[in-house]
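Data block below; observations after.
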Amino acid sequence: MCLAVPVKVVSIEGNEAEVEIGGVRRRVSIVLTPEAKVGDYVLLHTGYAINVVNEAEAQETLKILEEMARLDEIH
Amino acid sequence: MKYIDEFRDVELAKKVVGRIEQLSTRPTRLMEFCGGHTVSIMRSGLRQLLPPTVEMLSGPGCPVCVTANADIDKAIALAGLPDVIVTTFGDMMKVPGSYASLQQARAAEADIRIVYSTQDALQIAKDNPSQSVIFIGIGFETTAPTIAASILQAESEKIKNYYVLCLSKLCPPIMKALLDLGELKLDGIICPGHVSVIIGSRPYAFIPRDYGVACVVSGFEPLDILMSVEMLVKQIETGKPKVEIAYRRGVNPQGNKIALELMDRVFEIGSADWRGIGVVPASGLKIKKQFERFDAEKAFAITLEPVREAKGCICGAILRGVKTPLDCKLFRKACTPEHPVGPCMVSSEGSCAAYNQYESV
């Protein structure tokens, strides 16, 4: 029910954005994320973008995971 | 980066499991609060992969499942009124109330329509100006801002036939209620990722402080959950419980300020009726007086029969984490996804539905 999926913003018009989900396009509300820009990924929940996905943090998380995996190997 | 496949890398997952094995030296009991986490854990088989020291319990984080029979009865009674169209998320259709489900009410000629978004409900209201359109507003903090936004939009666009049956519920207060019940000795909680997109991580601060229970806000891919388990185990092993965020690409400590402001404009805190737990003060949202003309409970008079609970159904105990679906005598016998007795078998995120789909006999 609290499902939200990352989707790419293709275009923006006022409070609405066109996003791409697995090759399909649909219009969603960006009233909760007015900072969203074309090219951003947003988390889409019941027709509303609830946040802009932070790419730098995603890269950092993957680095932390790699580090956890490395610690597993050396022990 | 598409933010999905990167977090499903099986080889990396195996190594993170290995790391958790190294760190975990004592029995550790964790609750994944959110039904979305339960599904991801079951689907990817994480429960079996984790070392035997780490026990995972499912929590009450499924809005459909925690909706009380009394509230489903209200939705069905509203649908029975003349010139009313009830709109609802699809998950709610098959949930049995005291006497019927919305699906059965629809078969008996009530006009009940499944929507994906409050935007769709608003459109139905615009398209049917001579009828009253009521949205069944279930959900946690993730969904509440979208309901608030719809009410504000109805006001600004002067859509006068749009109403909400507000059943929104709040997560931190129910976590407190569960901890106060004292039925479970929890060491850590995997906090809900998309609720936290809205509220941030700060509202969980009381959990480590007052209860000594570790908290990590998690994303929903297998690697997100494993990373959260690693962080929880590390907190627990070092005896330093705190609130951490593993899902940093989506969650920051402050949450979504705009969403919180919209909620604050439209809603006030009130009590909520939770299946299996009961009425919990300050655990739900009510529509403020200023917007009461959109409140279906105020706008329509309905009469309700006494509430009845299904015999033998243990959804309540499952939602509190004290029982699993395998403890239920009805599971996979009298209660199946086709003929559900309780809501945990209806919602795709319900524990019973997840166990039914992914757990072998």
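Quick one: what do you get for chain B if you divide its Cα Rg by 2.2 N^0.38 Å?
Expressed relative to 2.2 N^0.38 Å, the Cα Rg reads 1.00.
Evaluating kT/(6 pi eta Rh) at 10 °C and 1.306 mPa s, with the Kirkwood radius of the range B:315-358 over Cα pairs in the Stokes-Einstein relation, gives 160 µm² s⁻¹. Considered as an equivalent ellipsoid built on the Cα gyration tensor, the range B:21-153 has semi-axes of 39, 17, 11 Å, the largest given first.
Taking 1 over the mean of 1/r across every pair of different Cα atoms in the range B:244-361, what Kirkwood radius in Å do you get?
The Cα-based Kirkwood calculation yields 17.7 Å.
For chain B, a Gaussian network of Cα nodes joined below 10 Å ranks B:87, B:146, B:38 by mean-square fluctuation, and the top entry is B:146.
Shielding value for B:192-198 is 4, the average number of Cβ atoms from other chains within 10 Å of each residue's Cβ. Within straight cross-link reach of residue B:185, meaning Cα distance under 19 Å, which lysines are found once same-chain residues fewer than 8 apart are removed? The qualifying lysines are B:176, B:234, B:240, B:242, B:323.
Per-residue shielding of A:52-60, expressed as the average number of other chain Cβ atoms within 10 Å of the residue Cβ, stands at 4.
Among B:180, B:111, which comes first, second and so on when ranked by fewest other beta-carbon atoms within 10 Å?
Working: B:180 11, B:111 16.
Fewest to most other Cβ atoms nearby, the residues stand as B:180, B:111.
Here the ratio of the Cα radius of gyration of the range B:138-193 to 2.2 N^0.38 Å is 1.63. Subtracting the Cα-Cα distance of residue B:237 and residue B:48 from their residue separation scaled by 0.36 nm leaves 65.9 nm. Over chain B, Cα pairs under 8 Å with separation of 6+ residues give a relative contact order of 23 percent. The calculated P(r) of the range A:5-74, using every Cα pair and 10 Å bins from 0, goes 21, 41, 19, 14, 5, 0 in percent.
Comparing Cα centroids, the range B:205-267 and the range B:285-361 end up 26 angstrom apart.
Any idea what % of Cα-Cα pairs in the protein assembly as shown are farther than 41 Å? It would help to have the intermediate numbers written out before the result.
Numbers: 12944 of 94830 pairs.
For the protein assembly as shown, the share of Cα pairs beyond 41 Å comes to 14 percent.
Per-residue mean of other chain beta-carbon atoms within 10 angstrom of the beta-carbon, peptide B:118-125?
Rounded to a whole number, the mean comes out at 2.
In this rough spin-label picture, where each label sits 7 Å from Cα along the Cβ direction, the residue B:298-residue B:210 distance is 3.0 nm.
Result for chain A in a Gaussian network model with C-alpha springs under 10 Å: among A:46, A:61, A:33, the largest mean-square fluctuation is at A:61.
The trypsin sites (Lys or Arg not before Pro) of the range B:129-222 that DSSP puts in a loop, and whose beta carbon has at most 13 other beta carbons within 10 Å, are B:158, B:160, B:185. Computed from the C-beta positions of residue A:60 and residue B:305, the FRET efficiency with R₀ = 41 Å rounds to 0.15.
Bear in mind these aren't lab numbers, they're just calculated from the coordinates by the rules spelled out. Note that the structure is a prediction, hence the values are computed from the model and not measured. Cβ: placed from backbone, ideal geometry, glycine included. Neighbour counts: every protein chain shown.
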